[in-house]
Amino acid sequence: MDKKTYSFEYLRYRAEERLPEADAELAARAAEACRTATYAPYSHFRVGAAARLEDGEILSAGNQESEVFPSGMCAERSLLYYVQSNRPGKRIRALAIASDPSVRECTPCGACRQVIADTEKRQGAPIRILMCGPQSTTVAPSAAALLPFMFELK
């Protein structure tokens, strides 16, 4: 038997600390994207995500629920699938996630962590993840850091 330890470094910014300008802009766009989550009758939880592409373009999306519960889509996956379909070949450098109501940092669910990891694998580069909240923002270096035992077909 081998005993192993998993750890990773991340950044935590308290509310009174300033995020770097590019990260602050991305976090603000994620918070704005919460307003696009106009249909959340089940969870009453609106999530916004914003992605900065390698060329500096920022795209955003909100979560969407469905009358055929639980057939909804998280903001992160909505956005990642949109980027893949509409900006093929463009790498995502950073992804910010925010929520309304926002009582804590908004972290990606397990399915979103896997899809972010899949995107990293396809693009051959990590995606920085900003998990935004009213009192702090945590910045992880990649989805792989948040999902150490990710599913892989090969």
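The values are calculated or read from the model by the stated rules, or taken from the named source; none is laboratory data. Please read these numbers as outputs of a predicted model, since none were measured by experiment. Cβ: placed from backbone, ideal geometry, glycine included. Neighbour counts: every protein chain shown.
Do you know which of the residues in the range 19-68 that are in a loop (DSSP other than H, G, I, E, B) and in contact with a helix residue (DSSP H, G or I) (Cβ under 7 Å, 6 or more places away or on another chain) is nearest to K90 (Cα to Cα)?
N63
Which condition from (1) within 23 Å of F149 (Cα to Cα); (2) modelled with pLDDT under 95; (3) crowded, with 20+ Cβ neighbours inside 10 Å is the one that Y6 breaks?
Looking at each condition in turn, Y6 falls short on (3).
Of all residues in the range 1-18, how many are in a loop (DSSP other than H, G, I, E, B) and either aliphatic (A, V, I, L, M) or touching a residue at least 24 places away in the same chain (Cβ under 8 Å) (or both)?
Here the count works out to 6.
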